[in-house]
Structures are given as C-alpha cells and as structure tokens.
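The values are calculated or read from the model by the stated rules, or taken from the named source; none is laboratory data. All of these numbers come straight from a predicted model, not from anything done at the bench. For neighbour counting, all protein chains shown are included, and Cβ atoms are generated from backbone atoms with ideal geometry for every residue, glycine included.
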Amino acid sequence: MSEEKPLAGKQKQIAISEFFEKNKHFLGFDSLQRSIITAVKEAVDNSLDACEEERILPDIRVEINRLEGDRIELISQDNGPGIPRGAI
C-alpha cells in the first residue's frame, strides 16, 4: 500500500520504507553480502563521526550473527555520546 501524498506539480511524497524498497539496488542493499557491507559501513561511519564531534577516541565493536535462512543480526556498539533522550 502506497502512502503517497501530492506535492507541487507532479512530485509525490512516499514513505521512507517504500523508498528503500524501490531503491535497494541504488542504496547498496540488493544482495545479502552488499547489505552487510553497507550496514557495517554506515554504523562505523556514524560512530566515527559522533566520536570525532565529541573529541572522543572511538572504541567500536561490530558483531554479525547468522540467523535462520538468509537473515543476519548486526550489533554495533561504540563509546560515542549516543542520541539524546529528547530526540528519540
């Protein structure tokens, strides 16, 4: 089900989940291997950026576990400042 909303002219706004589904290949999520690489890269990049902003020496841990079928679990932890409670 599309959550499209009319915008100016012929443009439409779609749900972020629909955008990702339609553009998996462009975003690096078109195969399990590329999905893992892309997700790890994004998690590590975010950790490094947050630590750099706070002038913290980064301590990053990434864990990948194989689940049933072609599913995986990705756990990323760091010593960065985290997301402020009010922003969650």
- Item | Conditions (1) surrounded by 11 or more Cβ atoms within 10 Å (Cβ to Cβ); (2) modelled with pLDDT of 95 or more: number failed by residue 73 | (1)
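Identify all residues within region 48-88 that are of a type in the set (A, V, I, L, M, F, W, C), outside any loop (DSSP other than H, G, I, E, B) and farther than 22 Å from residue 34 by Cα; write none if there are none. Before the answer, list the steps.
Residues of region 48-88 of a type in the set (A, V, I, L, M, F, W, C): 48, 50-51, 56-57, 60, 62, 64, 67, 72, 74-75, 83, 87-88.
Now drop any that are not outside any loop (DSSP other than H, G, I, E, B), which leaves 48, 50-51, 60, 62, 64, 72, 74-75, 87.
Across region 48-88, the qualifying residues are 50, 51, 87.
Report, by residue number, each residue of region 58-69 that is without any contact (Cβ under 8 Å) to a residue 24 or more places away in the chain, within 24 Å of residue 83 (Cα to Cα) and surrounded by fewer than 13 Cβ atoms within 10 Å (Cβ to Cβ).
Restricting attention to region 58-69, the residues satisfying the condition of being without any contact (Cβ under 8 Å) to a residue 24 or more places away in the chain are 58-63, 65-69.
Among the residues that remain, those that are also within 24 Å of residue 83 (Cα to Cα) are: 58-63.
Within region 58-69, 59, 61, 63 meet the criteria.
Right, residue 79: among the polar types (S, T, N, Q) and closer than 18 Å to residue 29 by Cα or not?
No: the conditions fail for residue 79.
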- Query: Do we have residue 55 as loosely packed, with under 11 Cβ neighbours inside 10 Å and closer than 21 Å to residue 20 by Cα here?
  - Reply: no
- Note on the structure: Expected single match for under 28 Å from residue 83 (Cα atoms) and at pLDDT 95 or above among 23, 46 is 46
